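Participant: Could you have a look at this structure, given as structure tokens, before my questions?
Just so it is clear, none of the values below were taken in a lab; they were calculated from the coordinates. What you see is a predicted model, and the numbers here were worked out from it, not measured in a lab. Don't worry about glycine lacking a Cβ; one is built from the backbone with ideal geometry, like all the others, and counts go over all protein chains shown.
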Amino acid sequence: MEKDLKKQNDLVIAALLSGAILLCAGFQNGFNSLPTIEETLLTGVAGVIVSAVLVLIASILPHDIKHKLVFTRYVNEMPGGRVHRLCKQDSRIVYEDVRSHWPQVFDENISESDRNSLWYRDIYKPVRDSHEVRQAHRNFLLYRDTLSGLVTLLIVTGLWDFLGNPQLLGEVVPAVYIVLSISSLLALLAARNAGNRFVVNAVAVSQ
């Protein structure tokens, strides 16, 4: 399922990363140097190739690292391990009802890794094909992979700036780092919110 959802996101991810790259190019080289709409349409084939490369960039990092980036945790990063706390913050959930329904998941004494596994098995899997859960899962993957692409671009930009030949493209202007950093932060917050929402949506649908 995750592979299908990721495929549905490919064009949106390519568009988001393209927008960040165009904004960086505008600051780096001047906005007057950006191609016009007509020129962009005439280079459609190149655009398809660039889009494929951008989607590939977003897929470079392993899933585990992506999740650690999104939730800024080195261990037990998956939000299913914190479902008991997330449900307390959601007005759709009657916490006492879900705790009595899935006592093994909402037991305060189990570890986060065990809780995540139980959430996945007992709550998520039975409703994973429902519209609300699929949409929440898709949104999480969209922002997670967009964050991955932006972080990769930021790393590549930094490496080029320090190790590349400045005569080819010139020294990277500070605005490029600001654009990529702010874009990455926004993607991180969106991915984290979407991931938490995904976990709670599965509980809400399962009630």
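Participant: How do ARG197, ARG73 line up, fewest other C-beta atoms within 10 Å first? Could the numbers behind the result be given before it?
Facilitator: On the way: ARG197 20, ARG73 15.
Fewest-to-most ranking of ARG197, ARG73: ARG73, ARG197.
Participant: Another question, then. Between rounded, prolate and oblate, where does region 57-207 land on the alpha carbon gyration tensor, with a ≥ b ≥ c its root eigenvalues, rounded for a/c under 1.5, else prolate if a/b exceeds b/c?
Facilitator: Details: a/c = 3.11, a/b = 2.72, b/c = 1.14.
Prolate is the answer for region 57-207, as a/c is 1.5 or above and a/b outweighs b/c.
Participant: Moving on. For region 71-207, what's the relative contact order in percent, using C-alpha pairs closer than 8 Å and at least 6 residues apart?
Facilitator: Details: 123 pairs, mean separation 50.4, N = 137.
Here the relative contact order equals 37 percent.
Participant: Oh, and also: If I model a spin label at ILE60 and GLN104 as a point 7 Å from the Cα along the Cα→Cβ vector, what separation in nanometres do I get?
Facilitator: 4.2 nm
Participant: To continue, here is another question. Using a Förster distance of 25 angstrom, determine the FRET efficiency expected from the C-beta separation of TRP160 and LYS68, and round it to 0.05. If you can, show how the numbers build up before the last one.
Facilitator: On the way: r = 25 Å, r/R0 = 0.99.
Plugging the Cβ-Cβ distance into 1/(1 + (r/R0)^6) gives 0.50.
Participant: Determine which aspartates and glutamates satisfy two conditions relative to LYS6: a Cα distance under 18 Å, and not lying fewer than 8 residues away in the same chain.
Facilitator: ASP64, ASP129, GLU132, ASP145
Participant: Return, ordered by residue number, the residues of region 105-120 whose backbone nitrogen is under 11 Å from a label point located 7 Å along Cα→Cβ of LYS88.
Facilitator: In region 105-120, the label zone of LYS88 (backbone N under 11 Å from the point 7 Å along Cα→Cβ) covers 108.
Participant: Order of HIS131, HIS101 from fewest to most other C-beta atoms within 10 Å? Please list the in-between numbers first.
Facilitator: Values: HIS131 8, HIS101 15.
Going from sparsest to densest Cβ surroundings: HIS131, HIS101.
Participant: Same structure again: Which order results if VAL55, VAL94, VAL105 are arranged by neighbouring Cβ count within 10 Å, fewest first? Please list the in-between numbers first.
Facilitator: Values: VAL55 20, VAL94 13, VAL105 24.
Lowest count first: VAL94, VAL55, VAL105.
Participant: Moving on to the next point. Using label points projected 7 Å from each Cα along Cα→Cβ, tell me how many nm separate LEU5 and ARG128, to one decimal.
Facilitator: 0.9 nm
Participant: Normalised by the empirical 2.2 N^0.38 Å for globular proteins, what value does the Cα Rg of region 82-148 take?
Facilitator: Working: Rg = 13.2 Å, N = 67, 2.2 N^0.38 = 10.9 Å.
Computed over Cα atoms of region 82-148, the ratio equals 1.21.
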